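A.B. asks: Pasting a structure here, questions to come.
The values are calculated or read from the model by the stated rules, or taken from the named source; none is laboratory data. All figures in this text were calculated on a predicted structure; none of them were measured in a lab. With ideal geometry, Cβ positions are generated from the backbone for all residues, glycine too; neighbour counts draw on all protein chains shown. Each accessible area value is taken on the protein alone, full model and side chains, heavy atoms only, with ligands, DNA and RNA left out. Shrake-Rupley method; radii C 1.70, N 1.55, O 1.52, S 1.80 Å.
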Number of protein chains: 2
Amino acid sequence: APKTQVEYDYDGPSMKTSVPGPRSQVLNAAHVYSQNVGAINFFCNYDESRGNYLVDVDGNRMLDIYTQISSIPIGYNHPALIKLMSDPSSLSTLVNRPALGILPPENFPDKLTESLLSVAPSGMSRVQTMACGSCSNENAYKAMFILYRVSEYYYCCCHRPFYQGVPGCPDLSILSFMGAFHGRTMGCLATTHSKAIHKLDVPSFDWPIAPFPKLQYPLEEFTRENAQEEARCLEEVEDLIVKWRQKGKPVAGIVIEPIQAEGGDNHASPDFFRNLRNIARKHGCAFHVDEVQTGGGNTGKLWAHEHWGMDDPADIVSFSKKLLTGGYYHRDELQADKPYRIFNTWMGDPSKNLLLAEVLNVIRRENLLEEVTRSGKALLNGLYDLQAQFPGLLSRARGQGTFCAIDICDDATRSSILLKARDKGVLLGGCGDRSIRFRPSLVFKEYHVHIFLNIFSEVLAQHK
Amino acid sequence: APKTQVEYDYDGPSMKTSVPGPRSQVLNAAHVYSQNVGAINFFCNYDESRGNYLVDVDGNRMLDIYTQISSIPIGYNHPALIKLMSDPSSLSTLVNRPALGILPPENFPDKLTESLLSVAPSGMSRVQTMACGSCSNENAYKAMFILYRVSEYYYCCCHRPFYQGVPGCPDLSILSFMGAFHGRTMGCLATTHSKAIHKLDVPSFDWPIAPFPKLQYPLEEFTRENAQEEARCLEEVEDLIVKWRQKGKPVAGIVIEPIQAEGGDNHASPDFFRNLRNIARKHGCAFHVDEVQTGGGNTGKLWAHEHWGMDDPADIVSFSKKLLTGGYYHRDELQADKPYRIFNTWMGDPSKNLLLAEVLNVIRRENLLEEVTRSGKALLNGLYDLQAQFPGLLSRARGQGTFCAIDICDDATRSSILLKARDKGVLLGGCGDRSIRFRPSLVFKEYHVHIFLNIFSEVLAQHK
C-alpha cells in the first residue's frame, strides 16, 4: 500500500531487541570508518516511523519524546507533508536550490508570507532566513554589531551624523548568560556556556557572561526567593555592561533563551525578561531572544517569549529546528544599511519554507497549540506525582506546555534511566548536569502522556 | 505536458524585457517590506528554467554562466534529479530531517559511500557533513584547533602524554591569505579578506594574514617572475608562523583556496601549494584546502587541488555549493577524540546527499569532466582572442577548465558590461576589484561557449 494510506500513528511502543539492536550495531561498525560515531544512538527506519513513533532498523518502535533534538514539528511522515512533497509543483524547488539573496524564486515572497511572516513575533515584520541555528545566531550577532556602530554615529552630534571611530573590526561584545547554549560556530560558541567540552581548545572572545537566575521550583511556591535571585542577576548584568564599556569592549547586544534548554531547562519569570529588555534599551544594547529550541509551539505558544505578554519583546528573535529553516526576525533598525553585509550563497532553502507553510497550516487546522497546552498540563502533573512518589530520585519538575524537564538525583542514574526507558520504548534526552528534557512533537496528545507515564514509572520503580 | 518531458535545454537566450523586468520590479517592491532586497538581481521562474538557461518571471531566458554563485552542478531541472525527487522512495528523506549525528537513517552510510566518499580527496576516507560552506569551515577550524592541542600533549615528553597548558579556550590562530574568502560567520570572517565591507563593524581575531601571490598571466609566459613572487609569499608565511608563535598565538592551521574566487580569481602554481603544504607540516600546522567554490568539477577535475598532483595534498578539504551539502573531508588525526565536540542538530541534510549521489552519477555517465575540459579550452581561447581584440578593455584572461576570469579596465565599465550582457541574455558575475568570473554548470558545452562569445563580443564592441 502507498505510504500515505498507512495509519498516521501507531498505538504504542513495540520493542523487539534492546537498543541499539544488532542491525544498528552492524551499521555503526561500518560507519565508523568514515564518521565520528561516538554520538550515534542507533540507526533509524524513517520510512516506517509515524507520528510520535520512531522506528529503528531492528524494528523497534519507540514513543519519541526527544524528536531529533526538538526539531520534528508534527511527527514523522505527516500525511500533509507527504502530500506536499509528492506534488509535482514542489519538484523545481527541490532540485533548483537558488542563491536566495540574489535570485529568489517567484513564489518566495508568498511562501514567506504564508510561513515565517504569518507567525512573526510582535513588533517585527522583517525576517532573514539562514541554513541552521548557528548561522542564524552568527548573523544576528553581526546585525547587532552593525546596528551598534550605526548608533555610534549619532552619539557624537544631534543633527549631523558624525562618526568618531575608525572603520574596521571594533572590539564590541555580546553579553550572554552562564548555562546558555547559542550554537557551536565561533561567534555563537563565545556565548555558549552549557558544557565545557563544547568550547574546549577553541579560541574565544573576551565577552561578558552574566549569571542566569537559579530558581526554585515550582515557581509559584517560591516567588519571593526567585524574585530576589532574579534581581541579583539583573544587577550583575548592568554591572557587566558598564565594566565592558569601560574596558573598551562595549556590549552591542544581549542574547538569551526564554528557557535555557541545553543548559538544563532553566526558567525565569516574565518579569525578569521584561526588566532585562529594559536594561538593554537603557544601555543601547540590542536584545536578542534565541528561540531556536523554544520556538515552534512546544511551550503552548508559537514563541516562548509570548508568555511574557509584551508588545515589544525583542529586537531580534532567532529560530531553527521545528521551524525547519534557520533564520531570524528583526526590527527595521537591524537591517544592515547595505546589501551583502548579511549574506551567504544559499541564505536558507526555499524547500524548507514550503514545508514550514504546510506545518503551520496543520498546527492551525488541528489546533495543535491547544493540544500542547492540554498534554503539557497532563505531563507536568504526572511529573509532579512521580516526584512525590520517588522523592530521592526525582526533583524540580518544571515546564511550560510540553517543554518540560525533571532532575534526576545524579548523572549516572540519569544515564541508566534513559537507557532503560529506551529499551522499554520511550526515547528521551538529557540536558544540563542531571536533567531529563521532554521535547515531544506537537502531535503528542494526552493519551501519549499516559503511555509515557506508565512506562516511566515502571523504570523509576526499578531504580528506587 | 509533464515537466520531465520538456526538452532539457533551450537553444539560446530569448529576451523580452530589460532585466529586471516589470514583474520582477513588482515582486521586489512587495518583498522590500520583509527583506533586504539590495542584492536581488531579479526574480526567477525555476519551473521553466532548463539546463544552462535561467528563466526570469518576465519570460526572459538567459544563458547562465554564474549559476547561483557557482552552486548549480548540472544545470536547472536535470531530468535525472526530477526523476529522483519524484520517486516515492525519496519522500521520507524529504519530510523527516534527522539529527544526523545521533539518529542517522539506515541508508546514510550507503548514500555517503555513493556520494561524498566516492569522490574523497587523496589521503582522506573521513567526511563530516554540515549545512553550508561557512559552517563547514567553522567546524574545520575547530577540528584543527582540537588537533593542535592534542599534539601539544606530545611536544612535552616523548613517551607519556603530558599537557603543559590549562584546559580552556587557548589563543590559537588560523593563518589565511590576503584576498581570501572563507565565509561570513565569525570564525570564517576572521580569515576572509576579499572585501572590507564583509568584515566592517564585526569583531575579529588577531590572526596572521599572509600575502597571496600576485601572478602575471598567462602563467606560462611569466614562470620566472611568478616563481619569485611565490617564493616571496612563502617566506612571509614562515615569518608569520614564527611571529605568531612568539606572540603566544600559535598557528594551528593554514587555510587556502586553490584559486581565490571571491577575491578575484587569483591563481598560484602547483609548486606554490606543494611548498606551502610542506611549510605547514614543518611547523605543525594543519593544512586546510577550502574547495567550497573550486570543488565540484568546474576546473576539469572534481577537486581543484588534484591539479597539484600530490598524494597527500591536505589535512582537511571543505566543500559546499556544487556538492549540494556542506562539509569537510579530513585525515584520521583530525577526528575529535570525543563525540559532541564537532556537532550540531542537523549536521547536514540527507536529502542533499541523495541529490549529490545522482549528480555524481550524471557526471560520470555523461563524462562531464571531459566536457568541462573541452569547453574550458574553448572559453579561455575565446577570452584570449577577445583580449587581443579589445586590449584597452580586457586583460589577464585566466582559468582552469571553465573556472575562468578576465579583468575589465575598471569597476564602472565592468558593471556596465555585466548589465548589458544580461540584457542580451548572458548572466555573469563579478569578483575582486574588476574581474568577471565564469562559473557555468558542468553541462556548459562548447556550443554554449560560442553563444556566449558572440554576445559578449557584441557587448564589448559597444564599450570600445
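A.B. asks: Would you kindly find the accessible area of A:Asp311, with a 1.4 Å probe and non-protein molecules such as ligands, DNA and RNA excluded, rounding to the nearest 10 Å²?
C.D. replies: In the full protein context, A:Asp311 sits at about 130 Å².
A.B. asks: Additional query: Just the Cα atoms of chain B: what Rg and Dmax do they give in Å?
C.D. replies: 22.8, 74
A.B. asks: Continuing with this model, one more query. Using a Cα-Cα cut-off of under 23 Å, which lysines could be cross-linked to B:Lys464, ignoring same-chain neighbours fewer than 8 residues away?
C.D. replies: B:Lys420, B:Lys424
A.B. asks: Next question. Roll a 1.4 angstrom probe over the protein heavy atoms and tell me the percent of accessible area of the range B:194-247 that is carbon or sulfur.
C.D. replies: Reported share for carbon and sulfur atoms: 51 percent.
A.B. asks: Using square roots of five times the C-alpha gyration tensor eigenvalues, list the equivalent-ellipsoid semi-axes of the range B:46-146 in whole Å, biggest first.
C.D. replies: They are 30, 20, 14 Å, listed from largest to smallest.
A.B. asks: Over every pair of different alpha-carbon atoms in the range A:236-361, take the mean of 1/r and invert it; report that Kirkwood radius in Å.
C.D. replies: Details: mean 1/r = 0.0620 Å⁻¹.
Value: 16.1 Å, from the Cα pair sum.
A.B. asks: Another question, if that's okay. Along the Cα→Cβ direction, 7 angstrom out, place labels at A:Asn454 and B:Ala29. What is the inter-label distance in nm?
C.D. replies: 6.2 nm
A.B. asks: Using only alpha carbon pairs under 8 Å that are at least six residues apart, calculate the relative contact order of the range A:265-360 and give it in whole percent. Mind showing how you got there, number by number?
C.D. replies: On the way: 101 pairs, mean separation 21.4, N = 96.
Answer for the range A:265-360 is 22 percent.
A.B. asks: Counting each DSSP H run of 4 or more residues in chain A as -39500 (n - 2.57), what helix-only mean residue ellipticity at 222 nm follows after dividing by all residues, to the nearest 500 deg cm²/dmol?
C.D. replies: It comes out at -11500 deg cm²/dmol, rounded to the nearest 500.
A.B. asks: Also: Just to confirm the number: angle between the C-alpha axis of helix B:22-31 and the first principal axis of chain B, 0 to 90 degrees, nearest 10?
C.D. replies: Approximately 40 degrees, to the nearest 10.
A.B. asks: Further question on the same structure: Hey, what did the range A:181-263 get for relative contact order, percent, Cα under 8 Å, at least 6 apart?
C.D. replies: That works out to 27 percent.
A.B. asks: Enumerate the lysines that A:Lys243 could reach by cross-link, defined here as Cα to Cα under 21 Å, with residues fewer than 8 away along the same chain left out.
C.D. replies: The qualifying lysines are A:Lys282.
A.B. asks: Could I ask something else about it? Relative to the longest principal axis of the C-alpha atoms of chain B, give the angle of the C-alpha long axis of helix B:368-389, reported between 0 and 90° and rounded to the nearest 10°.
C.D. replies: 70 degrees
A.B. asks: For the range B:193-261, take N as its residue count and report Rg(C-alpha) divided by 2.2 N^0.38 Å.
C.D. replies: On the way: Rg = 14.7 Å, N = 69, 2.2 N^0.38 = 11.0 Å.
Here the answer is 1.34, to two decimals.
A.B. asks: Any idea of the total accessible area buried by the B-A contact, 1.4 Å probe, rounded to 100 Å²?
C.D. replies: 9200 Å²
A.B. asks: Moving to a separate point now. Let me have the relative contact order for chain B, percent, based on Cα pairs under 8 Å that are six or more residues apart.
C.D. replies: Averaging sequence separation for qualifying contacts and normalising by length gives 21 percent for chain B.
A.B. asks: For a bin width of 10 Å, list the pair-distance distribution of the range A:341-420 built from all Cα-Cα distances, rounded to whole %.
C.D. replies: Reading the bins upward from 0: 16, 27, 22, 22, 12, 1.
A.B. asks: For the protein assembly as shown, report the translational diffusion coefficient in µm²/s to the nearest whole number, using Stokes-Einstein at 4 °C, 1.567 mPa s, and a Kirkwood Rh over Cα pairs.
C.D. replies: The estimated diffusion coefficient comes to 45 µm²/s.
A.B. asks: Using θ = phi - 60° and the Karplus form 6.51 cos²θ - 1.76 cosθ + 1.60, what ³J(HN,Hα) does each residue of the range B:119-131 get, whole Hz, x for Gly and Pro?
C.D. replies: Once rounded to whole Hz, the list reads 10, 5, x, 3, x, 10, 10, 10, 9, 10, 7, 9, 7.
A.B. asks: Next question, about the same structure. Take the Cα atoms of the range B:182-230, build their convex hull, and give its volume per residue in Å³.
C.D. replies: Hull volume over Cα atoms, normalised by residue count, gives 89 Å³.
A.B. asks: With a 1.4 Å probe and all protein chains kept in place, how much accessible area does B:Lys338 have, in Å² rounded to the nearest 10?
C.D. replies: 100 Å²
A.B. asks: Could you state how much accessible area A:Arg374 has, in square angstrom rounded to the nearest 10, with a 1.4 Å probe and all protein chains kept in place?
C.D. replies: Surface open to solvent at A:Arg374 totals about 120 Å².
A.B. asks: Just to confirm, what accessible area per residue do you get for the protein assembly as shown at 1.4 Å probe, in whole Å²?
C.D. replies: Roughly 35 Å² per residue, with all protein chains present.
A.B. asks: What are the ³J(HN,Hα) values, in whole Hz, obtained from phi via the Karplus relation 6.51 cos²θ - 1.76 cosθ + 1.60 with θ = phi - 60°, for each residue of the range B:448-464 in sequence order, with x given for Gly and Pro?
C.D. replies: Along the range B:448-464, the couplings run 5, 4, 5, 4, 4, 4, 4, 5, 5, 5, 4, 4, 5, 4, 5, 9, 4 Hz.
A.B. asks: If you don't mind, there's one more thing I want to ask. Expressed as a whole percent, how much of the Cα-Cα distance distribution for the range B:1-106 exceeds 16 Å?
C.D. replies: For the range B:1-106, the share of Cα pairs beyond 16 Å comes to 68 percent.
A.B. asks: Still on this model: Report the dimensions of the range A:127-281 along its three principal axes from the alpha-carbon atoms, largest first, rounded to Å.
C.D. replies: 54, 35, 32
A.B. asks: Taking the Cβ of A:Asp58 as the centre, find all other residues whose Cβ is under 14 Å away and add up their charges (Lys, Arg: +1; Asp, Glu: -1).
C.D. replies: 0
A.B. asks: Only four residue types carry charge here, +1 at the Cβ of Lys and Arg and -1 at the Cβ of Asp and Glu. Report the dipole size of the protein assembly as shown about the Cα centre in Debye, rounded to the nearest 20.
C.D. replies: About 480 debye.
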